[in-house]
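In what follows, a single structure is set out as structure tokens and then discussed.
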Amino acid sequence: MVDDRVDITSLDDRDETDLPIELTWTFDGPFEGDEAAFAVIVDRTPPPPGRDLDSLLDDDPACDGPQGCPDGYLERNRVYVTTDTTILLDNVAEGTAAQEARGFHEVTIVLVDDQGRRVGELAESVRFRLPGRDR
């Protein structure tokens, strides 16, 4: 069964938009089981279910050690955790390898538990371009 409880409402796929982006979505909730928050991930592939968000930066020496990534580090790398259904995106890097390969930036929303581990298969994504930057 497909989990389609999240629907991004502020952007359509392949929209052209300016920064900052007020990303909004609806959630046919409430949270169930271990679900505690949304992870909003920009220009990265989400971790598989059961893996934590720090695993997105496994190759980054700043995230080595038992404590994982320092506070604020995920956000600086365009990985945001929120319980709200809106977030302001003002940091979208130019020329990431993934973005260049696709020609678009991509934002994906998944559900995480209170430890930042992905819960379930839910994933809602939308691709977008920034005028004057992405061609």
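Just so you know, in region 79-95 the residues that are among the hydrophobic types (A, V, I, L, M, F, W, C) and assigned to a loop (DSSP other than H, G, I, E, B) include one that is surrounded by the most Cβ atoms within 10 Å (Cβ to Cβ), and it is V92. Annotation note: Cβ proximity below 6 Å between a residue of region 26-43 that is within 19 Å of V92 (Cα to Cα) and a residue that is hydroxyl-bearing (S, T, Y) (sequence gap 6+ or interchain) occurs for F38/T82; V40/Y80; I41/T108; D43/T96. Note on region 1-15: residues that are among the small types (G, A, S) and outside any loop (DSSP other than H, G, I, E, B) amount to 0.
Checking the structure you have, find out if any residue of region 67-83 is of a type in the set (F, W, Y), over 14 Å from G116 (Cβ atoms) and in contact with a strand residue (DSSP E or B) (Cβ under 7 Å, 6 or more places away or on another chain). The answer is no, given that none of the residues of region 67-83 is of a type in the set (F, W, Y), over 14 Å from G116 (Cβ atoms) and in contact with a strand residue (DSSP E or B) (Cβ under 7 Å, 6 or more places away or on another chain).
Restricting to region 59-73, and then to whatever is surrounded by 12 or more Cβ atoms within 10 Å (Cβ to Cβ) and either of a type in the set (D, E, K, R) or closer than 21 Å to D90 by Cβ (or both), can you tell me which residue is modelled with the lowest pLDDT?
D64
Scoring P49 on the criteria (1) modelled with pLDDT under 95; (2) of a type outside the set (S, T, Y); (3) assigned to a loop (DSSP other than H, G, I, E, B); (4) over 12 Å from the mean Cα position of the chain (by Cα) leaves a single failure, condition (1). Scoring R76 on the criteria (1) among the basic types (K, R); (2) modelled with pLDDT under 90; (3) surrounded by 12 or more Cβ atoms within 10 Å (Cβ to Cβ) leaves a single failure, condition (3). I want to confirm something. Restricting to region 16-46 and keeping residues that are of a type in the set (G, A, S) and in a loop (DSSP other than H, G, I, E, B), which single residue is nearest to D3 (Cα to Cα)? Result: G29.
When the criteria are applied in full, D52 meets the requirement of being in contact (Cβ under 8 Å) with a residue 12 or more places away in the chain, surrounded by 12 or more Cβ atoms within 10 Å (Cβ to Cβ) and over 27 Å from R129 (Cβ atoms). Each residue in region 20-32 was checked for being exposed (fewer than 11 other Cβ atoms within 10 Å of the Cβ) and modelled with pLDDT of 95 or more, and 1 of them qualify.
The values are calculated or read from the model by the stated rules, or taken from the named source; none is laboratory data. Bear in mind that the values here come from a model prediction, so they are computed numbers and not experimental data. Note that we place each Cβ from the backbone using ideal geometry, even for glycine, and neighbour counts take in every protein chain shown.
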